[in-house]
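The values are calculated or read from the model by the stated rules, or taken from the named source; none is laboratory data. Everything numeric in this text was worked out from a predicted model, so none of it was measured. Backbone-built Cβ (ideal geometry, glycine too); neighbour counts: all protein chains shown. Note: accessible area is taken over every heavy atom of the protein model, side chains too, but ligands, DNA and RNA are not part of it. Shrake-Rupley method; radii C 1.70, N 1.55, O 1.52, S 1.80 Å.
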Amino acid sequence: MSEDYVTTITVDRPPLDVYHAINDARAWWSRTIVGEMTHVGDEFVQHAPDLHWARLRVSELVPGQTVVWQVLDSLFTFVADQAEWRGTEIRFDLEETETGTKVRFTHVGLFREHECFEVCANAWGGYIGGSLRKLIMTGTGTPNADNVAAETQLPSATV
């Protein structure tokens, strides 16, 4: 049985603060995200030039508890199955602790058997354990650089 990619961090901040930081993905994942992510049904595109792009839809938002994004389409340039993320789900489940908030990040459908697993797991570890944690704790994350203008025409999705 395949297991989804999971990583967990604990931060000394209340769940609602953590929730708001997660929803500011431009501040911890990529400044080049195009689209909105503030309401269920919103769609956005994350693009890393010459590596990958993904079109996502916000499928669940429960303030202080849960953020879920469904990957509608994706393309990787460095693996044979360029659509390995297509149909997967990115989840943030928040749990209040005595000292703050435990964040359980799960990329549902990202399995060790996938060709991109090692690269993707390493990247998610850096984004969640590094950039997102830093954003939550200091107010400043370390997202991907401004390497694509927001007006850039991204590939249209094929669902």
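A few remarks follow.
- Qualifying positions in segment 128-159 - outside any loop (DSSP other than H, G, I, E, B) and at pLDDT below 95: Asn144
- Residue pairs meeting the criteria (Cβ under 6 Å; at least 6 apart or on separate chains; first hydroxyl-bearing (Ser, Thr, Tyr), in segment 1-13; second open to solvent by less than 50 Å² (accessible area, probe 1.4 Å)): Tyr5/His107; Tyr5/Leu110; Tyr5/Ala121; Thr7/Phe105; Thr7/Gly125; Thr7/Ile128
- Scanning segment 101-124 for residues that are part of a strand (DSSP E or B) and either surrounded by fewer than 19 Cβ atoms within 10 Å (Cβ to Cβ) or under 11 Å from the mean Cα position of the chain (by Cα) (or both) yields a count of 8.
- Counting the residues of segment 37-60 that are open to solvent by 30 Å² or more (accessible area, probe 1.4 Å), within 19 Å of Phe78 (Cβ to Cβ) and part of a strand (DSSP E or B) gives 2.
- Residue match in segment 80-89 (condition: touching a residue at least 40 places away in the same chain (Cβ under 8 Å) and over 20 Å from Pro49 (Cα atoms)): no
- Qualifying residue in segment 13-28 (condition: part of a strand (DSSP E or B) and at pLDDT 95 or above): no
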